[in-house]
Every structure is written in C-alpha cells, then in structure tokens.
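Worksheet for the structure shown next.
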Amino acid sequence: MNHRLFYSEKWAPYFFVSPFVLAFLIFFLYPTASTINMSFHEVLGLNSSKFIGFDNYRRMFDEHFFNALQTNTIYTVLSLLLLIPIPILFAVILNTKLAKGKSFFKSVIFIPALTSVIVAGVSFRLMFGEADTALINSFISKLGISPQNWILNYSTGMMLMVILNTWRVAGINMIYYLAGLQSIPEELYESAEMDGANVFRKFYWITLPLLKPIIIYTLTIGIFEGYRMFGESYVFWNEGMPGDIGLTIVRLIYQQAFQRNDMGMGSAIGITLLVIVLTVNLVQLKLFGLFNKE
C-alpha cells in the first residue's frame, strides 16, 4: 500500500514537497505568528503575559528607533552603491579572454566571504584603532593627517561598517555576475562588433540588460541584509554606543528583548522591521517591472 502511494501520480508530489512545507510551517510561519501575537502583549514571565494592544508599537517610535532606522537606511544605500558596480566590474574583467590568472584572482576576491564577520570585524577594529600606533592612524600620520578616533564619529563609523561589508560580500556577488556573463551568447557581442559598437556600447546595450535579473536578485538580497545587519555593528560597538552611533534595528531588538527583558517591545520592533523590508523590496521590484504581465 505504501509502495503504491509513493509512486502514485496523485500523491507522490505531496510526499516530495512535504519536507519544505513542514520546515516552512515549523521554522517560519509558527515563529512569525508567535512574534506577532507577542508584540501585542507585555511578557511577564515564561508562561505569563498581559494583553496591552498597540502600546508596544506606540512606545517603539522614539528617538532611538528612528536613529536605528536612519543608520540601517544609510548603511543599506551605501552598501548597494558599492556591492553592485564593483562586483560587476570584477566579473567583466575576469570574464574577458585577455585576463590572466583568473582562478587566482577569483579566489582572492571570494575568500573574504568565507571569513566570519566577527573575526573580520576584530581585525578591522584593530586596524582602525584610536591609538596613534594603530595601522591606519600610523599610515595617515605619515601623510600629515592627525590620528582619528574612528568609532566615535558617526560618519567614520558608518564608513567602517560599509567597508567591512563590501570587503566580505563583493566576492559572492562577483560569482553571481560571472555566472550571468557566461550565459550571455557570444554571438550577440560579435554582431554588435560588426555594427561598429565599442566596448562601452556593448556593455551598456548587451551586458547590463541581460544581467538585469541578477542585478535585481543582488539588490533584493542586499536590501534584506542591509536592514537586518547586526554583526558589523556589534564588533565595533560591543558595549556602549555614544549618541546611538552604530545602533541598528536588530541591535535595538537585542537590547529591548534580551538586555532589558522586554520581549513584547522586541517583537513589535521585529514585526515593524519585517514590514519595512517587505515594503522596500516590493517597491523596488515594482519599479523594475517584475510585476508586469509580460
């Protein structure tokens, strides 16, 4: 009987999709529903809570939340401005027939992606330390620039987080774009050359349009990763953050839910973050025309 069900055209598809459905229900849908429910409660203990309606959401919209939202938004925009063109440039160069040592340079660019954000962040923090003998301060001192206290300034702190993220993620995006470039028929470039198109025209009229699906994918993932960023903030400001320097939305969730034991507030901020990310991504997908029938 079981053998017959497994090979049945009617029931076999359900057996194959059941692991995904179960994983979705257990690890995504149930936690999300529980978080939404918790956001309307004041959690008093492990098995005790009190319904307070939208009080958590009303208390959430304070100066710290908007500072965190601003930091995430600036961080996301700056990261995307680097993590789309730079990997495309790397991919185009490494995809040319004239490039030498392709495997070596692919490995060098991709290896940072294998590095833990904490390990990489500690290294960056040592390089950009406030001491005069730190690597970067020592270097700029030789150029006649006074040493900087990098993590105590909002702009330089933001720069450190963006540089760290770009250094780690550029290799991953480069692999995506390389795969896209290798799927473009060579005949298109040959036809363009016969029509007199130069390198820049071929890039603008052939390469970029055919890389559009991958650009949209990396943009969508970049928005999601930018707004859920935590590690880059934590490695530079693992204790206090004067003036909310480095405060992100996920860091705010961590503070409220675990450091202050206010799980209801943490849940409200988490649901708000989910709505923000979904809204931003739906808007950018709409602008790129992914919802058009054609």
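The values are calculated or read from the model by the stated rules, or taken from the named source; none is laboratory data. Every value quoted in this text rests on a predicted model; they were computed, and no experiment measured them. Because the Cβ atoms are built from the backbone with ideal geometry, glycine has one as well, and the counts that use them run over all protein chains shown. Ligands, DNA and RNA are excluded from the accessible area calculation, which covers all protein heavy atoms including side chains. Shrake-Rupley method; radii C 1.70, N 1.55, O 1.52, S 1.80 Å.
Exposure check, 1.4 Å probe, all protein chains in place: residue 212 carries approximately 80 Å² of accessible surface. The charge dipole of the range 1-81, taken about the Cα centre with unit charges on the Cβ atoms of Lys, Arg (+1) and Asp, Glu (-1), comes to about 320 debye, rounded to the nearest 20. Scanning the chain for DSSP H helices at least 18 Å long along the axis (C-alpha atoms) with a Kyte-Doolittle mean no lower than -0.5 picks out 12-24, 63-83, 154-182, 212-227, 263-287. The sum of -39500 (n - 2.57) across all DSSP H runs of n ≥ 4, divided by the residue count of the chain, sets its helix-only mean residue ellipticity at 222 nm to -19500 deg cm²/dmol. With the convex hull drawn around the C-alpha atoms of the range 188-264, the volume per residue stands at 132 Å³. Surface composition of the chain: carbon plus sulfur atoms hold 67% of the accessible area, using a 1.4 angstrom probe and ignoring ligands, DNA and RNA.
If contacts are Cα pairs under 8 angstrom and at least 6 residues apart, what is the relative contact order of the chain in percent? Display every interim value, and only then the final one.
Numbers: 287 pairs, mean separation 81.7, N = 294.
Relative contact order for the chain comes out at 28 percent.
Entry note, the range 28-186: relative contact order of 26 percent, from Cα contacts under 8 Å with a spacing of 6+ residues. Simple point charges give the picture: +1 on the Cβ of Lys and Arg, -1 on the Cβ of Asp and Glu, and for the chain a dipole about the Cα centre of about 460 debye. Ranked from largest to smallest solvent-accessible area, with a 1.4 Å probe on the protein heavy atoms, 168, 58 come out as 58, 168. Quick one: grab the alpha carbon gyration tensor of the range 150-233, order the square roots of its eigenvalues as a ≥ b ≥ c, and give me rounded if a/c is under 1.5, else prolate or oblate depending on whether a/b is larger than b/c. Prolate. Roughly how many whole Å is it from the C-alpha centroid of the range 61-118 to that of the range 161-187? The two parts, judged by their Cα centres, are 8 Å apart. By a 1.4 Å probe calculation restricted to protein chains, residue 191 has an accessible surface near 60 Å², given to the nearest 10. Averaged per residue, the chain has 62 square angstrom of accessible surface, using a 1.4 angstrom probe with ligands and nucleic acids left out.
Using Cβ point charges alone (K and R +1, D and E -1), the dipole size of the range 135-294 about the Cα centre works out to roughly 360 debye.
In the chain, the inverse of the mean reciprocal separation of distinct Cα atoms equals 22.8 Å; this is its Kirkwood hydrodynamic radius. When only Cα pairs below 8 angstrom with a gap of at least 6 residues are kept, the range 162-294 shows a relative contact order of 19 percent.
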